[in-house]
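Written below as structure tokens is the structure these notes are about.
Laboratory data are not the source of any read-out in this text; all were calculated from the coordinates shown. What you see is a predicted model; the values in this text were computed from it and never measured. Every residue, glycine as well, gets a Cβ built from its backbone with ideal geometry; the counts of neighbours run over all protein chains shown.
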Amino acid sequence: MSLPVLAQSADRFTWSDYRSWPDDQRWELIDGVAYAMSPAPSIKHQDVVLRLSSRIEQQLRGKPCRPFVAPTDVKLSESDVVQPDILVVCDPGKITPSHIEGAPDLIVEVLSPGTSARDLRDKKALYERAGVREYLVVDPLEHYAIRFLLAADGYDKGTVFAADEVVNSVTLEAVEIPLWEVFEVPGPAAVA
């Protein structure tokens, strides 16, 4: 099931259009096309977001990088505005009172059945173009994660992490996420 498009028009929407829409509705713009961000994600999705963001926040304490969770507007260009599940910004100049201006250092998207194709295809391409250094996709149902790292020629092919492995952030030094804790499944000691 794909998300509804706000309008079928030759015109593309911009940051200015986006800022004029009602605050009680959540939208994203990708290449000027508006996508609704509803209905709300599942409880399992939100549990995984909470556990991931908590671990990232704890490990970043005392460091210059700041984590944020959705809904936080990230303006990547005049026609690209997203609300990633989790993002980390290390450049304080990108943090404004209302939104993040420019590419975060790390973006985490937790997959939902209705948006997984867009997260893996459209958003991945957008984040690559925008210069997001590290993109982590987490599947809360199948219990795995894929980490994409930005190189001079774009994202690498991705590294897959199973539920009994630790995802270590390359961009954010010393951030390590034991996936079994995030997914609440047996860890490597229980498997051995």
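Take every DSSP beta bridge whose two residues both sit in the chain, then give the antiparallel share in percent to the nearest 5.
Just about 80 percent of them are antiparallel.
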Q.
Spelling out what I want: for every residue of region 91-99, take phi, set θ = phi - 60°, compute 6.51 cos²θ - 1.76 cosθ + 1.60 (Karplus), and round to whole Hz; glycine and proline get x.
A. 9, x, x, 8, 9, 9, x, 10, 6
Q | Among G131, Y155, S42 - extreme Cα towards positive end, dipole of the chain, charges at beta-carbon | A | G131
Q. Using bins 5 angstrom wide from zero, how does P(r) for region 122-192 break down, in % of all Cα pairs?
A. 3, 17, 25, 21, 17, 11, 4, 2, 0
Q. Short version: ³J(HN,Hα) in whole Hz for each residue of region 168-179, in order, from phi by Karplus 6.51 cos²θ - 1.76 cosθ + 1.60 (θ = phi - 60°), x for Gly and Pro, what are they?
A. 9, 6, 7, 6, 9, 4, 6, 9, 10, 10, x, 5
Q. Applying 1/(1 + (r/R0)^6) with R0 = 35 Å to the Cβ-Cβ distance of A152 and E57, what FRET efficiency is obtained, to the nearest 0.05?
A. 0.70
Q | Loop GluC sites (Glu not before Pro), region 133-192 (other Cβ atoms within 10 Å of the site Cβ: 14 or fewer; DSSP) | A | E142, E173, E184
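Using a 10 Å Cβ count of at most 11 others and DSSP loop calls, identify the longest part of the chain lacking such trypsin sites (Lys or Arg not before Pro). Could you put the intermediate results ahead of the total?
Details: sites that count: R61, K157.
Here the longest run is 62-156.
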Q. Using θ = phi - 60° and the Karplus form 6.51 cos²θ - 1.76 cosθ + 1.60, what ³J(HN,Hα) does each residue of region 103-118 get, whole Hz, x for Gly and Pro?
A. 6, x, 6, 9, 10, 10, 10, 9, 5, 10, x, x, 10, 4, 4, 5
Q) Taking the Cα centre of the chain as the origin, how large is its charge dipole in debye, to the nearest 20, when only Lys and Arg (+1) and Asp and Glu (-1) carry charge on their Cβ atoms? A) 140 debye
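Can you give the translational diffusion coefficient of the chain in µm²/s, computed by Stokes-Einstein from the Kirkwood radius over Cα pairs at 10 °C and 1.306 mPa s? Mind dumping the intermediate values first?
Numbers: Rh = 17.2 Å.
Using the Kirkwood radius from Cα pairs, D works out to 92 µm²/s.
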Q: Any chance you could run the full-extension gain for A36 through E78? It's 0.36 nm times the residue separation minus the Cα-Cα distance, nm to one decimal.
A: 13.3 nm
Q) Just the projected area, averaged over all directions, of the convex hull on the alpha carbon atoms of region 86-167: how many nm²? A) 6.1 nm²
